[in-house]
Every structure is written in structure tokens, then in C-alpha cells.
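Worksheet: the structure to be examined is printed underneath.
What follows draws every value from the coordinates through simple rules; no lab data is involved. These figures come from a predicted structure and were not determined experimentally. Quick reminder, even Gly has a Cβ in these numbers, built from the backbone with ideal geometry, and neighbours come from all protein chains shown.
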Amino acid sequence: MKSIFHLLRFLTPSLIFLLPVFTLAIIGCNPAVEICNPIQSSTFADLMAKIADIAAKIGLPLVVVFMIYAGFLFVSARGDEEQLKKAKTTFFWAVIGALLVVGANAISLAIENFASQL
């Protein structure tokens, strides 16, 4: 199980840093001819919505994985107080992570609505 966490610890920053490269590949801009805009957002609200969407696409599967892992810890604890404490802590932080991901989408939507009213 530790190898999965080491893999996730390596892959998450790697994917975040490679995201602009994938974005440029999708856009199809020719840098030799024109200056490419890697953001592809015309407004700040649109940019915030895209960032929140990417965070949700990455964060929600991780939340599900950690919820399943916390459930596995609860089952495998078999009444051991230390293992139960570890399972409760893992579950607590998985719920906090879920709230942050959902909260990022809600804040993005609130900023978009507020900016459209200006």
C-alpha cells in the first residue's frame, strides 16, 4: 500500500507540471508562426472555473481512493485502538479533502456569478 502512496506522491506533481504541455498539444497552435496563449481563457472567472474543474477531476478520484483505503483500515483494525485511530484520521482527512474540492467548485461558481454581475 505504501508503494501506491509513493506513486501518487510522484504522479500528482508530475501531472500538474505537464498540464500546460498537454494543453498546448490540444490547442494546435503553431509557435513558429504566432504567439500561443496557453491559458485559453478570456476572463478571470472562466480561468477560475477551469482551474476548479481540473482540481475536481484530479481531486475527486483521489478522495474516493482514500475513502476506500480508510474503509479498509477500519475493517482490518479488528478492534485495535491504534489502527482505529489511524483509520479515523485517514477518513477525517479524506472528508476534509472532499470538502476542499467541492468548496473550490462552489467558490469558483460564486466568483463567476459575482463577476458577471459587475
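So if I average 1/r over every pair of distinct C-alpha atoms in the range 41-118 and take the inverse, what Kirkwood radius in Å does that give?
Values: mean 1/r = 0.0709 Å⁻¹.
Evaluated on the range 41-118, it is 14.1 Å.
Would you mind ranking Val33, Val64 so that the residue whose beta carbon has the fewest other beta carbons within 10 Å leads the list? Intermediate values should be presented prior to the final figure.
Details: Val33 7, Val64 12.
Neighbour counts put them in this order, fewest first: Val33, Val64.
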